[in-house]
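Here's the structure we're looking at; comments come further down.
Bear in mind that the values in this text are calculations on the coordinates, not laboratory data. Please read all numbers here as calculations on a predicted model, not as lab measurements. Quick reminder, even Gly has a Cβ in these numbers, built from the backbone with ideal geometry, and neighbours come from all protein chains shown.
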Amino acid sequence: MRVHQDMLGDILRLRLVGRLDSNSSPELEKILLDEIAAGKGVVLDFSDLDYISSAGLRILLMGAKRAKQRGTKLALFGLRDSILEVFKVSGFLKILNVFGTMDEARGFVGG
């Protein structure tokens with residue numbers, strides 16, 4: 001997996017490309033938790049993510065908990081149907097802030 005970072009004003013967008021699994025999740029964990037600890041709102045762009053494992057789901061849950069503790073926001077958008085199904089089955093749609101578009105996710109994080 002590759003993680004592309006860019007700033008949208010004061011919001012960090014992380015675009016995930018490839019597979020988020022036990023091999024690649026440590027990279028995302030470090031970036032995500034460091035940025036949340038710095039007080040940044042984060043938007044995760046799943047448009048180019050092909051696969052997510054339980055290790056990847058764990059990182060997202062950890063990020064959501066840390067964001068809540070820190071008083072920042074974390075949002076996701078662009079989930080492909082296969083990943084959306086994983087989120088539905090695992091109950092993560094009730095836990096995480098998932099949006100259909102970048103503008104919606106950005107509005108949530110920045111608002």
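Per-residue HN-Hα couplings for segment 47-52, Karplus 6.51 cos²θ - 1.76 cosθ + 1.60 at θ = phi - 60°, whole Hz, x for Gly and Pro?
Values, residue by residue: 4, 10, 8, 8, 7, 9 Hz.
Which whole-number percentage describes the relative contact order of the chain, with Cα contacts under 8 Å and a sequence gap of 6 or more? Walk me through the intermediate numbers first.
Values: 198 pairs, mean separation 29.3, N = 111.
That works out to 26 percent.
Calculate log10 I(q)/I(0) of the chain for q = 0.18 Å⁻¹, where I(q) comes from the Debye formula with a single equal point scatterer on each Cα and nothing for solvent.
Log10 of I(q)/I(0), two decimals: -0.81.
Taking amide H positions as placed 1.01 Å from N in the peptide plane, with prolines and chain starts having none, which residues 5 or more places from residue 51, or on another chain, fall under 5 Å of its amide H?
Residues meeting the amide H criterion: 20.
Given charges of +1 on the Cβ of Lys and Arg and -1 on the Cβ of Asp and Glu, with all other atoms neutral, how large is the dipole of the chain about its Cα centre, in debye to the nearest 20?
On the way: 16 positive and 14 negative charges, 87 e Å.
The calculated dipole for the chain is roughly 420 debye.
Looking at the chain, send over the antiparallel percent of its DSSP beta bridges, to the nearest 5. Let's see the in-between values first.
Working: 7 of 22 bridges.
Bridges in the chain are about 30 percent antiparallel.
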